[in-house]
Amino acid sequence: MAAVARWLGRILPVAAWTCVVALLPWWLGLSLVLLSAFGAVLFDRRVARYAEWSRRTLRWGLPGLLFAVQRALGGDLIAWGAALLGALVGFSLVVLLESLLDHQVNRVPAAKTSPEWSELAMAPIGPPAHIIELVRADWQEATGEFVAAADDVRFEATGEGRGRYVFAEGQIIDKASPRYCVSPGGGWFAANLPGGRGEVLWDRQGGHVHRLAGWQLSGWEGDQPWLAQGNDGAPAPLHEVLGQGRR
């Protein structure tokens, strides 16, 4: 019953939204659909919850808009043909927009070559010693509902080895694989991108979500993630991966 209630809680609002857009004048419905698309772009990687709702209103508002358009055209066969053509174009643009948002990757500048050990040994004054010891990532498989990092979180599979993580505090991480891990201090949540294409990291304190295609989580140092490109790549801290210095 709990699963049915959650399903109804997700479906009923968006179904009602579709009906509202269908009953509105087509020009007003078009304005709302365009506003949803703008919200999906604006909130992407800023406020994950608002970004997800903007995407839903865009997907479910488009059928209502097409119904309003065919009604405004008279509801005859030509009107339905125009609506179907609009559906083909509209949903293609929605898929293109979501694909661009999901595959947006921060461009990483080329890493500077580290000096050789012999150069460091011959230097008059060496850099302060700091030995990096990475804590191995403890990867786990999410099956059904589970608890991680003292927060209630569930994994909802969507098929083809992917799904989304829904946290009790409202954070949603979608288009991720069921393979996940948590930092030793609980400050970070990590999951594989589908097909082993990279990682998605969520900073639970800062609220930032990073999707890093082509990078693999090497481990944790001071409860911070270190990543590498490929199995033989040198691990680097996240701020170097993002091309940012420490603030």
Cα→Cβ-extended label distance, 7 Å offset, between L34 and R179, nm: 4.4
Accessible-area value, I78, 1.4 Å probe, nucleic acids and ligands omitted, Å²: 140
E141, E133, reordered so the largest accessible area comes first (probe 1.4 Å): E133, E141
Per-residue SASA entry for R179, accessible area with 1.4 Å probe, Å² rounded to 10: 90
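R0 = 22 Å: FRET efficiency of I132 with S99, Cβ-based, nearest 0.05? Please report the intermediate quantities before stating the final value.
Working: r = 37 Å, r/R0 = 1.67.
My answer for the efficiency is 0.05.
The values are calculated or read from the model by the stated rules, or taken from the named source; none is laboratory data. Fair warning: this is a prediction, and the values are worked out from it, not measured in the lab. Here the Cβ is made from the backbone with ideal geometry for all residues, glycine too, and neighbour counts use every protein chain on show. Protein only, heavy atoms only, side chains kept; ligands, DNA and RNA dropped before computing areas. Shrake-Rupley method; radii C 1.70, N 1.55, O 1.52, S 1.80 Å.
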